Amino acid sequence: MMSFVKIGIIVNTHGIKGEVKVKNFTDGLNRFEELDYILVEVDGQMKAFHIEGIRYAKSLAIIKFKEYDNINDIEYLKGKDIYIEKIQLRKLPEDTYHVFDLIGLSVNEKGKNIGILVDVNQNAYQDIYMVKKDDGKIMQIPAVKSFVKSIDLQNGIMEVELIEGMI
């Protein structure tokens, strides 16, 4: 069984020659240059769109798909998520993780559960782990070694050491 990973969203068409503007959800805008095709869910099925060309405008990738030469052919893709197969994922360096692997981890401090990691906000300085506590409130933990002591994906646990006032 194949599984998929969301890597972006088609935010709009571009011009009249069948190009789309894509917001990238990965760590590098040039990620699309490594791919021969992307997948989009169309009518409940994953459909492959083969990449013919890529260029950039600000923070968006402008992608031209093979065999689509008219805005009318691709307009229905606006707002659709872009996926790749898991086998297309990059191999990550040690101590780095895919966001989808982190979501759902039990976040513990000194062995005591303080919440569940529900999201990761990515910004220019460092990722921020969003942890939902038992009372439903969200706490933010910067993804830095001074706070995040270990991540054990196999057992589903992130061990943290927080400073006073963070909880």
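The values are calculated or read from the model by the stated rules, or taken from the named source; none is laboratory data. The structure displayed is predicted, hence computed values, not measured ones. Positions of Cβ are backbone-derived with ideal geometry, glycine not excepted, and every protein chain shown enters the neighbour counts.
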Scanning the range 56-65 for residues that are surrounded by 12 or more Cβ atoms within 10 Å (Cβ to Cβ) and at pLDDT below 95, which turns out farthest from the chain's Cα centre (by Cα)?
Tyr56
Just one of (1) within 22 Å of Phe100 (Cα to Cα); (2) surrounded by fewer than 17 Cβ atoms within 10 Å (Cβ to Cβ); (3) free of Cβ contacts under 8 Å to residues at least 60 places away in the same chain trips up Gly53, so point out which.
(1)
Could you please find all residues in the range 114-130 being part of a loop (DSSP other than H, G, I, E, B) and of a type in the set (Phe, Trp, Tyr)?
Tyr125
Which is surrounded by fewer than 17 Cβ atoms within 10 Å (Cβ to Cβ) and in contact with a helix residue (DSSP H, G or I) (Cβ under 8 Å, 6 or more places away or on another chain), of Leu153, Leu117?
Leu153
For the range 90-100, state whether one or more residues are in a strand (DSSP E or B), touching a residue at least 24 places away in the same chain (Cβ under 8 Å) and surrounded by 14 or more Cβ atoms within 10 Å (Cβ to Cβ).
no
Filter result for Lys23 (at pLDDT below 95, surrounded by 13 or more Cβ atoms within 10 Å (Cβ to Cβ), more than 15 Å from Lys78 (Cβ to Cβ) and basic (Lys, Arg))
no
